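Have a look at the structure below before the remarks.
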Amino acid sequence: MLLLIPGPVSTHPSVRAAAAQDFAPWDNDFRPLNEAVRLRLLSIAGVRAATHATLPLQGCGHFAIEAAVRSFVPDGSKVLIPMTGQYADRAARLAAEAGAEVVGLAVPDEAQADPAALADALAADPTISHALLVYSETSTGTVHDVPALAEAAGRAGRRVIVDAVSAFGALPLDLSALPMVDAAVFTANKCLEGLPGLAFVISPIERLVACQGGARSWSLDLASIYHHALDVGFGSFRFTPPAQILAALSVALDLLDAEGGQAPRLARYTANADTLLDGMRGLGLAPMLPRALQGPIVVNVHAPPDPAWRLQAFVDALKRRGVLISNFYNTAAPGFRVGCIGAVTPCDMARAVAAMGEALDEMGLRTRRAA
Ligand SMILES: *Cc1c(COP(=O)(O)O)cnc(C)c1O
């Protein structure tokens with residue numbers, strides 16, 4: 001089955017095979033693996049163990065975003081969030097639940113978040129301590145200019161949390177050039193092409209030391225994870241780790257290295273997205289975003305304005321042909337989303353386009369784009 005959803009992604013068989021073994025997480029065979037993965041992730045983020053630490057957390061991306069908010073945003077402080085789509089909405093919800101006051105920065109539909117607008121919003125309210133930025137907004141497919149937005153926040157003397165969950169490993173992120181970033185958050189199962197169950201935060205050590213004890217949570221306290229590592233070693237994991245998922249990620253990172261790293265991976269995803277977009281236009285379908293805003297991670301397509309359209313029927317027809325896409329809408333206008341990430345190539349995307357054509361024909365869909 002070709003999994004074309006924006007995470008968890010299709011994985012290489014060797015990645016899945018690496019998970020097919022038992023581990024004792026505190027054994028000396030596991031610890032070097034964990035320690036090495038943490039260091040390799042730092043280097044993907046452009047930083048070193050002298051200044052930054054990788055904090056692994058069991059679970060999904062939202063857990064790690066919440067951990068970052070709880071650990072770094074002081075209780076009752078304000079967080080500015082460019083409202084880019086559903087993932088920004090979720091960040092706003094969890095920040096509010098974590099005790100922060102959320103200030104939403106409106107982002108027009110079909111636009112990137114504007115660094116100048118962010119700077120104005122920060123200037124208007126000096127009590128905002130942090131900006132929380134979604135790098136790749138997985139609900140729409142737009143990639144936002146996080147380096148420029150973070151620079152604007154940094155110039156205003158504010159700190160930044162980056163939701164890089166559907167970006168890390170494919171979109172460039174050089175934390176050595178972004179000292180205002182308290183936390184960059186990502187998971188194993190998106191552009192790193194690992195299995196789901198493991199999330200990470202990369203943070204500056206001096207900030208981890210400064211924020212000690214402020215998380216109002218023990219499970220989600222990044223400073224506690226850091227101090228545990230200082231006490232017991234970076235090969236250790238605080239609480240039971242998803243050891244098999246970590247072993248799989250280690251192989252996935254080997255594959256990222258073999259591919260040549262972040263830039264070639266981005267090039268492959270871009271070729272995937274281009275193949276998909278061209279193919280879908282050929283089928284008469286209408287992508288939601290103008291090409292200039294379309295990122296390489298996920299493509300959102302308008303639901304055909306035909307009475308015969310049923311999303312689940314389309315998804316089922318594709319699945320019978322070996323292709324799985326998302327089966328829910330998460331934009332205001334109905335559409336369907338196709339992920340371009342994972343261990344897939346433009347050839348796979350061409351196969352998916354062919355399957356879509358067959359599925360649309362089978363459903364008897366004639367009208368595929370609004371007049
Ligand atoms: C996938 C994703 C998340 C995290 O989702 P989980 O289901 O919690 O792993 C967060 N933000 C963005 C932008 C994502 O794409």
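Each reported figure results from applying straightforward, stated rules to the coordinates on display, with no laboratory input. What you are looking at is a predicted structure, and each value in this text was computed from that prediction instead of being measured. With ideal geometry, Cβ positions are generated from the backbone for all residues, glycine too; neighbour counts draw on all protein chains shown.
Calculated from DSSP H runs of 4 or more alone, at -39500 (n - 2.57) each and per residue, what is the 222 nm mean residue ellipticity of the chain, nearest 500?
After summing the helix terms and dividing by residue count, I get -12500 deg cm²/dmol.
Taking other C-beta atoms within 10 Å as the exposure proxy, 26, 309, 218 rank 218, 26, 309 from fewest upward.
Computed over the chain, the range of Cα coordinates on each principal axis works out to 63, 54, 32 Å, biggest value leading. Over the chain, what is the mean sequence separation of C-alpha contacts under 8 Å (at least six apart), divided by residue count, expressed as relative contact order in percent? Relative contact order here is 24 percent.
Model label sites at residue 240 and residue 358, defined 7 Å from Cα along the beta-carbon direction, differ in position by 4.3 nm. DSSP bridge analysis restricted to the chain gives an antiparallel fraction near 50%, rounded to the nearest 5. In units of the compact-protein estimate 2.2 N^0.38 Å, region 243-371 shows a Cα radius of gyration of 1.15. The angle between the Cα long axis of helix 115-124 and the longest principal axis of the Cα atoms of the chain comes to about 50 degrees, rounded to the nearest 10. Placing pseudo-labels 7 Å out from each Cα toward the beta carbon at residue 123 and residue 36 gives an inter-label distance of 5.1 nm. Computed from the Cβ-Cβ distance with R0 of 41 Å, the FRET efficiency linking residue 29 to residue 278 stands at 0.30.
Toward the positive end of the charge dipole of region 1-159, with +1 on the Cβ of Lys and Arg and -1 on the Cβ of Asp and Glu, the farthest Cα among 138, 65, 123 is that of 65. Determine which residues of region 257-301 fall in the zone a paramagnetic label at residue 367 would reach in this model, i.e. backbone nitrogen under 18 Å from the point 7 Å along Cα→Cβ. Residues passing the 18 Å test: 284-287. Counting other Cβ atoms within 10 Å as a rough exposure proxy, the listed residues 328, 72, 30 run 328, 30, 72 from fewest neighbours to most. Potential lengthening of the chain between residue 347 and residue 308 amounts to 11.1 nm, from the contour at 0.36 nm per residue minus the alpha-carbon distance.
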